[in-house]
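Notes to accompany the following structure.
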Amino acid sequence: MENVLKKYEAVQMGVCYYPEHWDEALWEKDAAKMAETGVKVVRVGEFAWSRMEPTDGVFEFDWLDRAIDLFGRYGLDVVIGTPTHTPPRWLTTKHPDILPVMANGDLYQPGVRGHRCFNSRSLRSYGERLIDRLAQRYSRHPAVIGWQIDNEYGMLDSRGEQAAADFRDWLYRKYGTLERLNREWGTVVWSGEYSEWSEIVPPPASHRNENPSFLLDFARFQWDSVAQFQAWQIAAIRRHCPEHFITHNFHSYPQRLNMTEVGRGLDVAAFDYYPNTSPDKVTTGPYSGALSLDLTRGIKRRNFWIMEQLSGSPGSWFPMWRMPQPGYIRAFAWQAIARGADTVVHFRWRSANIGAEQFWHGLIDHSNVPGRRLKEFADLSAEVNRLAPKLAGTRPLVRAAILHSYEQLEALRIQAQAPGMDYYENIKAYHRALTKLGIGCDVIDAESADGLEAYDLVVAPHLYVLHEETAERLSRYAASGGTLLLTSRTGVKNSENVCVMTPLPGLLTECAGVTVREYDPLGEDVARLDTEEGGQFACSQWADILEPDDRAEVIARYGSEFFAGEAAVTRYPFGQGETYYLGTHPEESYLRQLFTQIAEAKNIPYFPELPMGVQVSLRGGGASGEPAYLFVLNLSREDKEVKLDLRADGRLRHLDGLNSLLGGGRTDRRLKLRPYGVEVLEYRPD
């Protein structure tokens, strides 16, 4: 396994290819062209069940043998997708329990994709049989290096009979008795108490007024169902392929599915990355994309794969996006690598001429004439292959972390707190402010995050459902010297999504050094935030009116509303560290100022003058004296001049004369980048 793990850590480019969609006469020409353009990896198979098993128990792998043999002859490695995302019609006709019953009662129809209930026993039986044969057949094939389980998991909220029965079993294992369940959920409200287990069924689509504890547990049950659905597939592969790596391609953030829980069984996480090409997204999209990449890295707390990367204009069941401009494909692939992607697989090699995704464009258009995008991809692959030996074994070097929680995301979706207050959008705001300062950060799971002592700063937004273990872990972190930043709506609920009868922020009150005397859900109304230095900023969404401890420093107060003059933001010395508490959601300029102050106090390096749209990332081995690699990316449509000035240890360092790995030669500290321009600079941190 160790050799294979090292192999998938190699920085390389790949493509998605569907041999079953194309005349076999095209295959060799395509494989030869892939090798010529610098491709190293090909993903196949994730939708091909009907070709692998056209009728019950009749398996046809000869076509796949020929395709994989062909890729191997051209030096291309292969990742096989297990095809459980698309059960064939003969199977769903024979076993309709495979089709999910959606929350509105409709049956998810076959012939689309994702038409499989994670709880279906028939799907498991037939899927395991197929995967066992696949794994056995390709366990020793020299071109096959790994497996992708299924495709793009999501929350189905299935109301099928098996899902309902499994949900009741899940609840029984958790609570043991209906008496305890009724007590923990508080079902006495509205006479909702259960007297028989059979009375518990999954919630309908119109569940706004349902018990919030019930709804959160139904989400947790689905997380476990997906993890179990994945586990039997992994076991089937491992029986025959102990040295192959296994991944899954997560997608579309914010994602209700608990990706950290599902990711535990994987060797490496993967993400399908489609940065938005629309002009109106040009100022926000690259920052949202940076968060998606950091969040994917956080699933396993290590480097990851991009299993689908944008290659052309997406579209099919929605109007097409704008075509990526020259440089776009290259720049966003380098953004992924800068933030920890080791392999970037582009979707797809050629635009489909059949099926629903005909206008989800690939590297080559329907004409089958290689054009601008394939040329850009080939140039990109050449750059990546040239730098791969230097980047092998490196990772993003960061000193800050943001805690992200699927439980908070779901609980705050169940019970929205104020108009315009969105958990994931607020995480975007904190992450964007750090990114614009060039401060790299890990985005990691709040409920399972350990090793926090590795970070100088931990931002923990809206810990609304607060577990005792999480509160203890964060308190220890701050007490041992860390800087912890908490926000409003912390400590509101216990682990069963029930409000606690104690002053907020609940279990973190001692660590925060404040209590919330009163709060006002501001929503979209705008209040004023006044700093002690005389600055004025806008704030909205929420206003905690704070009662600081005697040792707490008030660093900002409300400047308007009936609570003008009251504490809004505090800093509290706790043990050897400190805790900041933000009682409101301030505008980005305030977050930038606050993070700048924290960076200077904690000696966290940052770039004070990055232009809008320019991102920097540092990737290296982490050992003292080793070189690191500074990625400078202009993810905008305009020319940018970047001052390579790094503030650290209380002084401004001019990063002049760094070695350019893409352009060659030494760079001036004033770096000029064209639209979607990229530089990778060799840098030796002190």
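In segment 1-147, Cα pairs under 8 Å separated by at least six residues give a relative contact order of 23 percent. Listed cross-link partners K40/K300; K174/K493; K390/K640; K29/K375; K29/K390; K40/K281 are compared with a 21 Å cut-off, the Cα-Cα value being larger for K40/K300; K390/K640; K29/K390; K40/K281. Rounded to the nearest 5, what % of DSSP beta bridges with both residues in the chain are antiparallel? Antiparallel bridges: around 55 percent, rounded to the nearest 5. Between Y519 and I545, the built amide H atoms are under 5 Å apart, and every one of these is 5 or more places off in sequence or on another chain. Using the average count of surrounding beta-carbon atoms within 10 Å as a protection proxy, the listed peptides 633-641, 49-57 rank, highest first, as 633-641, 49-57. Put simply, when 322-331, 617-626 are sorted by average Cβ atoms within 10 angstrom per residue, most first, you get 322-331, 617-626. Out of segment 214-266, which trypsin sites (Lys or Arg not before Pro) are coil in DSSP terms and have no more than 14 other C-beta atoms within 10 Å? Those satisfying the criteria are R239, R264. Secondary-structure-derived ellipticity at 222 nm for the chain, considering helices only, amounts to -9500 deg cm²/dmol, per-run term -39500 (n - 2.57) for DSSP H runs with n ≥ 4. Residues within the reach of a label modelled at H141 (point 7 angstrom out along Cα to beta-carbon, backbone nitrogen below 15 Å), restricted to segment 62-97, are 62-83.
Counting neighbouring Cβ atoms within 10 Å and putting the fewest first, the residues T84, T277 line up as T277, T84.
If you sort the three axes of the alpha carbon gyration tensor as a ≥ b ≥ c, you get a/c of 1.5 or more for segment 571-639 and a/b no higher than b/c, which makes it oblate. Separation of segment 315-359 and segment 103-172, taken as the distance between their Cα centroids, equals 26 angstrom. Look at I337, I364, I604 and count the other Cβ atoms within 10 Å of each Cβ; fewest to most, that gives I364, I604, I337.
If you plug the beta carbon distance of D550 and E60 into 1/(1 + (r/R0)^6) with R0 = 45 Å, you get a FRET efficiency near 0.05. For the chain, the membrane-span-like helices by this rule, meaning whole DSSP H stretches whose C-alpha atoms cover at least 27 Å of axis and whose Kyte-Doolittle mean is 0.0 or above, are 212-238; this says nothing about an actual membrane.
When a/c reaches 1.5 or more, the comparison of a/b and b/c decides; with that in mind, is segment 541-594 rounded, prolate or oblate per its Cα gyration tensor? Oblate, since a/c reaches 1.5 and b/c is not below a/b. Charged side chains reduced to their Cβ positions (Lys and Arg at +1, Asp and Glu at -1) give the chain a dipole of some 2200 debye around its Cα centre.
Classify segment 411-534: rounded, prolate or oblate, from the alpha-carbon gyration tensor (a ≥ b ≥ c, eigenvalue square roots; a/c under 1.5 rounded; otherwise prolate if a/b is larger than b/c)? It is rounded, given that a/c, with a ≥ b ≥ c, falls under 1.5. With the highest mean first, a sort of the peptides 659-666, 409-416 on other beta-carbon atoms found within 10 angstrom per residue produces 409-416, 659-666. With neighbour counts taken as other beta-carbon atoms within 10 Å, the residues I246, I354 rank, fewest first, as I354, I246.
Hey, quick one: spin label on K390, modelled 7 Å out along Cα-Cβ, who in segment 592-636 has an amide N within reach, i.e. under 20 Å? Under 20 Å, as judged by backbone N against the label point of K390, lie 615-635 of segment 592-636.
Could you tell me the center-to-center distance, by alpha carbons, between segment 467-491 and segment 391-428 in angstrom? Here the answer is 16 Å between Cα centres.
With a Förster radius of 45 Å applied to the beta-carbon distance between N182 and H95, the computed FRET efficiency rounds to 0.80. A Förster radius of 30 Å, combined with the Cβ-Cβ distance separating S252 from L107, puts the computed FRET efficiency at roughly 0.85.
No lab work stands behind these numbers, since they all come straight from the coordinates. The structure presented is a predicted model; accordingly, all values stated were derived computationally and were not measured. All Cβ positions, glycine included, derive from the backbone under ideal geometry; neighbour counts span all protein chains shown.
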